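Before any comments, here is the structure.
Throughout, read-outs are computed from the coordinates displayed, never taken from laboratory work. Fair warning: this is a prediction, and the values are worked out from it, not measured in the lab. Positions of Cβ are generated from backbone atoms using ideal geometry, with glycine treated the same way; all protein chains shown enter the neighbour counts.
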Amino acid sequence: MPSIVALISGRGSNLAAILDYAKYTGAYKTAAVISNRPGAEGLKLAESQGVHTEVLDHTVFASRDEFDKALKQRIDAHAPDLVVLAGFMRVLTPAFVKAFEGRLVNIHPSLLPSFPGLKTHQQALEAGVRVHGATVHLVTAELDHGPILDQAVVRVREGDTAETLAARVLALEHQIYPRAIAALLHQTIRQTDGQVHGALAAPLAYDIE
Ligand code: GRF
């Protein structure tokens, strides 16, 4: 069975969805969850499900390079097929990204290439877009870029705030992330030369009322 290592920094709601999906489908196993923050809520969640956890506190490293090298070693020890960023709030060095090229995935709360970076829901409201969403993508050296694996679409409603929009997007993140991970691991979809090929065999995830 293919395996993943998940990297987290916080509450871990995407991690919860990823663990649930594996439990019900048997599509992959989670070899380890690694957090750069000792107090990340997602650690407790993983432990409660018997998943191996580790903490690698970035604040004790002198540089980003040193942290990323140590992180790579921790990940390599589990030899995962895929490294999954699940709310991992760190910019990764080009050397780290290169080392896991094609095996590193992220979920971003916007319809990329619109609204990379932080405060995506606020950015969407300020831009006045009528649809917003989330994107699962392979990670490349450029922040919030890289080949797109799947997207979910949310209608922006009258009176939406960044919080109400975030909640509807998050619910769909939980649908599209695990299934994109499974599709990549089982090669329903694959990447060659920056292009993603193959069908997801899953309906579009949307909230368009
Ligand atoms: C999500 O909004 C995800 O899109 C972004 O960070 C947030 C993580 O939330 N990359 P959680 O820790 O998975 O609940």
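Send over the semi-axes of the stretch 69-209's equivalent ellipsoid, whole angstrom and largest first, taken as the square roots of 5 times the C-alpha gyration tensor eigenvalues.
27, 17, 12
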Calculate the radius of gyration of the Cα atoms of the stretch 1-160 to one decimal place, then report Dmax, the largest Cα-Cα distance, as a whole number, both in Å.
16.1, 49
Looking at the stretch 47-108, which GluC sites (Glu not before Pro) are DSSP coil and have at most 14 other C-beta atoms within 10 Å of their C-beta?
E101
Helix 13-25: angle to the longest alpha-carbon principal axis of the chain, degrees 0 to 90, nearest 10?
80
For a quick check: with amide H placed at 1.01 Å from N, whose amide H comes under 5 Å from D150's, ignoring anything fewer than 5 positions away on the same chain?
V136
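Stokes-Einstein at 4 °C, 1.567 mPa s, Kirkwood radius from Cα pairs: D for the stretch 117-181 in µm² s⁻¹?
On the way: Rh = 12.5 Å.
Roughly 104 µm²/s, to the nearest whole number.
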Need the C-alpha centroid separation for the stretch 20-50 versus the stretch 63-86, integer Å.
16
Dipole magnitude (debye, nearest 20) for the chain, charges at Cβ of Lys, Arg, Asp, Glu:
240
Please identify every one of the GluC sites (Glu not before Pro) in the stretch 120-162 that sits in a loop by DSSP and has no more than 15 other beta carbons within 10 Å of its own beta carbon.
E142, E158
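So, with +1 on the Cβ of K and R and -1 on the Cβ of D and E, and no other charges, what is the size of the charge dipole of the stretch 39-101 about its Cα centre, to the nearest 20 debye?
Details: 7 positive and 10 negative charges, 23 e Å.
Value, rounded to 20: 120 debye.
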Suppose the Debye formula is applied to equal point scatterers at every Cα of the stretch 5-46; what is log10 I(q)/I(0) at q = 0.14, 0.19, 0.30 Å⁻¹?
-0.28, -0.49, -1.04
Each label sits 7 Å from Cα toward the beta-carbon; between R90 and Y24 the label points are separated, in nm, by 3.2
State, to one decimal in nm, how far the label point of V60 lies from the label point of A201, with both points 7 Å from Cα in the Cβ direction.
4.4
Longer than 21 Å from Cα to Cα, which of K44/K119; K29/K72; K72/K98; K29/K69 are they? Say none if no pair is.
K44/K119; K29/K69
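At 0.36 nm per residue, minus the direct Cα-Cα distance, what do K119 and H78 gain on full extension? Give it in nm, one decimal, please. Mind dumping the intermediate values first?
Working: separation 41, 0.36 × 41 = 14.76 nm, distance 3.30 nm.
Stretched out fully, the K119 to H78 stretch lengthens by 11.5 nm.
Which length gain, in nm to one decimal place, applies between K98 and M1 when the Cα-Cα distance is subtracted from 0.36 nm times their residue separation?
Numbers: separation 97, 0.36 × 97 = 34.92 nm, distance 2.48 nm.
Stretched out fully, the K98 to M1 stretch lengthens by 32.4 nm.
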Percent antiparallel among DSSP beta bridges (both partners in the stretch 1-136, rounded to 5):
10
